[in-house]
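*Asks:* Could you have a look at this structure, given as structure tokens, before my questions?
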Amino acid sequence: MRTDISPETEQKICIECGFCCDGTLFRTATLTPGERGSLPELIEANSFEEGGNEYFRLPCRYFKGKCTIYSEKKAVVCSAYRCRLLKSLSYGDISPDEALKIVADAKDLREEATGMYKKVTGRSGEITFREVLTGLSSVVTGDNERGSKAFEADLLIVRCNILEALLIKRFRAIEDFEKLVMK
Ligand code: SF4
Ligand code: SF4
């Protein structure tokens, strides 16, 4: 049954989270046909066309810990996207406190996974969870001299699998998951 969750409560959770903007959930966001040409500058600069559809790359350049143009004109998807967590909240399946706890747990796992990835690969600087997942293949195939780092690499893979399962279960809308499966 749908419950009345205030926009402020959802906003509070989104500000804590940011996973749909910062490259944790997705590598790209879909644009509505005709949006290019009148998008915020940094989204426009990060946009591209593929297979007749238009997208912009994530992490979004307006994301600095939170959306820095929240009350300004953004892409349509920015206001329209509602992840599974927000839907669970609006249907009363979870409370606002539970939603915040899920976000906090996922963030902890993400910090752990990205930290382990940097240690295993020697990379530094900002790295998104989607980039970590892409880079996992080189960890698995031995580009990073599995030898002494094999145990750490295996732990990293386990952590990434746990986080990805949590993201699929708690955050990805069913439609998103179906799109990924169909690719
Ligand atoms: S993933 Fe969900 S809770 Fe997180 S910022 Fe996006 S819409 Fe908000
Ligand atoms: S403009 Fe704001 S809401 Fe839209 S993707 Fe960028 S950070 Fe997220």
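The values are calculated or read from the model by the stated rules, or taken from the named source; none is laboratory data. In this text, all values refer to a predicted model and were calculated from it rather than measured experimentally. Every residue, glycine among them, receives a Cβ derived from its backbone with ideal geometry; neighbour counts consider all protein chains shown.
*Asks:* Kindly indicate whether any position in region 65-76 is buried (at least 17 other Cβ atoms within 10 Å of the Cβ) and within 12 Å of ligand 1 (Cβ to nearest atom).
*Replies:* yes
*Asks:* Please specify each residue of region 49-72 satisfying the condition of being among the basic types (Lys, Arg), in contact (Cβ under 8 Å) with a residue 24 or more places away in the chain and more than 8 Å from ligand 2 (Cβ to nearest atom).
*Replies:* Listed by number, the list holds a single entry, Arg57.
*Asks:* For Arg130, are the conditions met, namely being among the charged types (D, E, K, R), at pLDDT 90 or above, part of a helix (DSSP H, G or I) and crowded, with 19+ Cβ neighbours inside 10 Å?
*Replies:* Against the criterion (among the charged types (D, E, K, R), at pLDDT 90 or above, part of a helix (DSSP H, G or I) and crowded, with 19+ Cβ neighbours inside 10 Å), Arg130 does not qualify.
*Asks:* Would you please name the residue that is surrounded by the most Cβ atoms within 10 Å (Cβ to Cβ), looking only at residues in region 136-155 that are more than 18 Å from the chain's Cα centre (by Cα) and modelled with pLDDT of 85 or more?
*Replies:* Ala153
*Asks:* If Phe56 meets every condition in (1) under 19 Å from Cys17 (Cα atoms); (2) within 16 Å of ligand 1 (Cβ to nearest atom) apart from one, which number is that one?
*Replies:* Status for Phe56: all satisfied but (1).
*Asks:* Related question: Can you pull out every residue in region 91-127 that is under 19 Å from Arg27 (Cα atoms), touching a Leu at 6+ places or on another chain (Cβ under 8 Å) and either not in a helix (DSSP H, G or I) or not hydrophobic (A, V, I, L, M, F, W, C) (or both)?
*Replies:* Arg110, Tyr117 - these are the residues of region 91-127 that are under 19 Å from Arg27 (Cα atoms), touching a Leu at 6+ places or on another chain (Cβ under 8 Å) and either not in a helix (DSSP H, G or I) or not hydrophobic (A, V, I, L, M, F, W, C) (or both).
*Asks:* Okay, next question. Does any residue of region 108-123 turn out to be away from ligand 1 (no atom under 14 Å from the Cβ), touching a Pro at 6+ places or on another chain (Cβ under 9 Å) and modelled with pLDDT under 95?
*Replies:* No; the residues of region 108-123 include none that is away from ligand 1 (no atom under 14 Å from the Cβ), touching a Pro at 6+ places or on another chain (Cβ under 9 Å) and modelled with pLDDT under 95.
*Asks:* For region 10-24, enumerate the residues that are surrounded by 17 or more Cβ atoms within 10 Å (Cβ to Cβ), more than 11 Å from ligand 2 (Cβ to nearest atom) and not acidic (Asp, Glu).
*Replies:* Answer for region 10-24, where residues must be surrounded by 17 or more Cβ atoms within 10 Å (Cβ to Cβ), more than 11 Å from ligand 2 (Cβ to nearest atom) and not acidic (Asp, Glu): Ile13, Thr24.
*Asks:* Would you check if there is a residue in region 90-105 being within 21 Å of Lys64 (Cβ to Cβ) and without any contact (Cβ under 8 Å) to a residue 60 or more places away in the chain?
*Replies:* Checked region 90-105: no residue is within 21 Å of Lys64 (Cβ to Cβ) and without any contact (Cβ under 8 Å) to a residue 60 or more places away in the chain.
*Asks:* Something else now. When only residues in region 27-59 that are touching a Lys or Arg at 6+ places or on another chain (Cβ under 7 Å) and assigned to a loop (DSSP other than H, G, I, E, B) count, which is surrounded by the most Cβ atoms within 10 Å (Cβ to Cβ)?
*Replies:* It comes out as Leu58.
*Asks:* Moving on to the next point. Report, ordered by the first and then the second residue, all pairs with beta carbons closer than 8 Å, sequence separation of six or more or different chains, a first member in region 13-24 that is closer than 18 Å to Glu164 by Cβ and among the aromatic types (Phe, Trp, Tyr), and a second member that is part of a loop (DSSP other than H, G, I, E, B) and within 8 Å of ligand 1 (Cβ to nearest atom).
*Replies:* Short answer, once both residue conditions are applied: Phe19/Leu25; Phe19/Cys83; Phe19/Phe171.
*Asks:* I'm checking my understanding of the structure. Among residues of region 100-131 that are within 16 Å of ligand 2 (Cβ to nearest atom) and of a type in the set (A, V, I, L, M, F, W, C), which one is nearest to Gln11 (Cα to Cα)? Can you show your working first?
*Replies:* Let us first name the residues in region 100-131 that are within 16 Å of ligand 2 (Cβ to nearest atom), namely 103, 126, 128-130.
With of a type in the set (A, V, I, L, M, F, W, C) added as a condition, the list becomes 103, 129.
On the way: Val103: 13, Phe129: 23 Å.
For region 100-131, the residue satisfying everything is Val103.
*Asks:* Could you check Asp97 against (1) loosely packed, with under 14 Cβ neighbours inside 10 Å; (2) among the charged types (D, E, K, R); (3) within 11 Å of ligand 2 (Cβ to nearest atom) and say which number it fails?
*Replies:* (3)
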